[in-house]
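For reference, the structure is listed below as structure tokens.
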Amino acid sequence: MKLLDRIVTLIAAILIGTLSLMALSQYVGGYIGAAGDWLYDRLMYSWVTTFLVQIAVIIVMAYLFEMTIRTGKSEGKMLKRTTETGDIFVSVGTIESFARNLAKEVEGVQEVDMRTKSGPEGLDMVLKVAAAKDAVIPELVSKLESRIKEALPAQSGFPVRSVKIHIRSAV
Amino acid sequence: MAEKKVAKPVKETVDYTDDGVRISNDVICVVGALAATEVDGVYNVGSGPKGKKNIYKGVKVKLQDNSAVCDVSISVKFGENIKEVAGNVQKNVKRSIESMLGLKVNTVNVHVIGVDFEGSAGAKTAVTMK
């Protein structure tokens, strides 16, 4: 789930909760009724705030609707190879999982985050590495680069054009 | 008297032979899925948990001009050559469906959607992309 999806889902949950409380306050007393009345007074005291809440609800609803019917975007994150029998699609996530495991096999690598872009000449990979405290960084970078450039094409069948390595931290 | 239970109708059937034999799409999917699981390096078929119960869901079949187009989703084992495994899946699925069902398979598209690290040192989880 994308970050934006999560944020919108959170806003939707808050909006639904708020509107439910306001609706409940019409029929229920006690704390729930008081909370609903308080929210009603804050949000619906003028046509401007009412209008803004309604606009927010419409935008969130539209986004959630788009989320439910969203298709094909994951296909953009697939690498494609055509053979005689048909096409082979490999998700970028699968390639990254392979690469992450390969990277962790290199001595001195503790954690790896990566981003991958695919182009006609091969994969461009950016690795953000948390190195071990005692690791010799130039040596680690060299080993990591050669490991990814050699082993990943051998295992995935997709050539790697460039590997950029950022040492994020030493742990 | 209790009514006799009637089997649910299959969603789609394919009339693929001259002698009028009809076969459910699901059967083609099961044959394709089992053929895919037989290939070395394939961890699982489909995105669900590993097992044979629902593997047919990892295969989709369409009929075009009296031949089938199959889409097979697989997870591969870490350390295997993805391209080679996917190529073997294409061949095995095509061969199995053609030999068992007599249906011509035009295209087998393979979607590699996950990787399993159970066999590799230091990692025990399978990662599946949906």
- Within the range A:60-67, is there a residue that is outside the structural domain of A:T116 (by TED's automatic domain parsing), assigned to a helix (DSSP H, G or I), modelled with pLDDT under 85 and over 30 Å from A:D124 (Cα atoms)? no
- Message: I'd like the full set of residues that are of a type outside the set (V, I, T), outside any helix (DSSP H, G or I) and modelled with pLDDT of 85 or more, limited to the range B:23-42.
- Response: B:D40, B:G41
- Are any of the residues in the range A:70-82 over 26 Å from B:V108 (Cα atoms) and within 13 Å of chain B (Cβ to nearest Cβ)? no
- Query: From the set of residues in the range A:99-147 that are of a type in the set (K, R) and either within 14 Å of chain B (Cβ to nearest Cβ) or not in a strand (DSSP E or B) (or both), which is surrounded by the fewest Cβ atoms within 10 Å (Cβ to Cβ)?
  - Reply: A:K133
- Message: Could you tell me how many of the residues in the range B:65-88 are at the interface with chain A (Cβ under 9 Å from one of its Cβ atoms), under 14 Å from B:T37 (Cα atoms) and not in a strand (DSSP E or B)?
- Response: 2
- Message: Please verify whether A:I88 is assigned to a helix (DSSP H, G or I), under 30 Å from B:V105 (Cβ atoms), at pLDDT 85 or above and within 35 Å of the chain's Cα centre (by Cα), treating the condition exactly as stated.
- Response: no
- Query: Tally time: how many residues in the range A:1-58 are assigned to a loop (DSSP other than H, G, I, E, B), of a type in the set (G, A, S) and touching a helix residue (DSSP H, G or I) at 6+ places or on another chain (Cβ under 9 Å)?
  - Reply: 1
- Query: Since A:E96 meets every condition but one in (1) under 30 Å from B:N106 (Cβ atoms); (2) of a type in the set (D, E); (3) surrounded by 15 or more Cβ atoms within 10 Å (Cβ to Cβ), which condition does it not meet?
  - Reply: (1)
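The values are calculated or read from the model by the stated rules, or taken from the named source; none is laboratory data. A quick note: this is a predicted structure, and the numbers were derived from the prediction, not measured. Neighbour counts run over all protein chains shown; Cβ positions are idealised from the backbone, glycine included.
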